[in-house]
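Just below is one structure, and these are the notes that go with it.
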Amino acid sequence: KPVKHVIGQTKILAIINQKGGVGKSTTAINLAAALGAEGKQVLLVDLDPQGNATSGLGIDKSEMERCIYDVLLNDATIQQVIIPDIVEGLDLVPATINLAGAEVELVSEMARENRLREAVGSLRGKYDYVLIDCPPSLGLLTVNALVAADKLIIPIQCEFYALEGVTKLLDSMKRVKSRLNASLDIYGILLTMYDGRTTLARQVANEVRTYFGKQVFETVIPRTVKLSESPSYGMPIIQYDPEGKGAQSYISLAKEVVKRG
Ligand code: ADP
């Protein structure tokens, strides 16, 4: 009989950058699955109304009756919407397009910034990691993630304007830190879609490392076709192409995330 996994202190990490297309959902799916494969118990919360983390793990959004939206509006508990055992060690709280309405509907609600914190806070001790895949904006959903998170993982795409908007994100982080979540900080900056053949990618990586120093993960996520294909097969990269560079990079990131704790 397998030894029961003992959960340590739960870490709630938001994967955040208000710029779209920088690799948030790809990182959410693949880091979560890689942490699961490392023997951790992981919950991935899809907080992006596009639901790319949900569909990328093979869940049909149109079949879902309830999602994180119902939890934020207090119409369901988070336990009621968890889909267990997506892959080894990984549970999912899905998003559907309903979530797009939450941004507006929450405005008139009490304690609207604290809804996600209350929900995921109730799961402390049940998971090693709770990862939150954030929407590409600094609206109320993202504020909920900033209030709920212990720390942030910020993916930065190795392209032109890589740092654009990051200052604004850090301002939001500081505001939430001073008012609502005193221990909030950066857990790590992640360089994504790196193509070492281009001078630009190397320049951007150097610039980010100069600016953020040790906060940048040593692991760099390469740009690979397999990583862009795997969501359409509903599989994390460690299943879709286990031997490839993409899978290896997310496994290495998972080990670094564990070590950083
Ligand atoms: P975000 O969640 O920040 O909007 P995504 O993770 O959805 O970003 O990535 C944007 C697009 O880039 C998607 O089509 C995704 O498949 C692709 N992509 C992300 N990371 C990589 C990578 N390392 N290599 C190749 N394509 C990638």
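What follows is calculated from the coordinates using simple rules that are stated; it is not laboratory data. For clarity, every value in this text was computed on a predicted model and none was experimentally measured. Please note: Cβ atoms are built from the backbone with ideal geometry, for glycine as well, and neighbour counts cover all protein chains shown.
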- Computed P(r) (all Cα pairs; the chain; 5 Å bins; percent): 1, 6, 14, 19, 20, 18, 12, 7, 2, 1, 0
- Query: DSSP H helices in the chain with Cα extent of 15 Å or more along the helix axis and mean Kyte-Doolittle hydropathy at least 0.0?
  - Reply: 24-37
- Helical mean residue ellipticity (222 nm; -39500 (n - 2.57) per DSSP H run of 4+; nearest 500) of the chain: -11000 deg cm²/dmol
- For Val216, residues with placed amide H under 5 Å, excluding near neighbours: Ile189
- Charge dipole (debye, nearest 20) of the stretch 11-256; +1 at Cβ of Lys and Arg, -1 at Cβ of Asp and Glu: 920
- Message: Could you give each residue of the stretch 181-189 its phi-based ³J(HN,Hα) in whole Hz, using Karplus coefficients 6.51, -1.76, 1.60 with θ = phi - 60°, and x for Gly or Pro?
- Response: 7, 4, 8, 4, 7, 7, 8, x, 9
- Determine the sum of side-chain charges near Thr199: Lys and Arg each +1, Asp and Glu each -1, restricted to other residues whose C-beta is under 15 angstrom from that of Thr199. 0
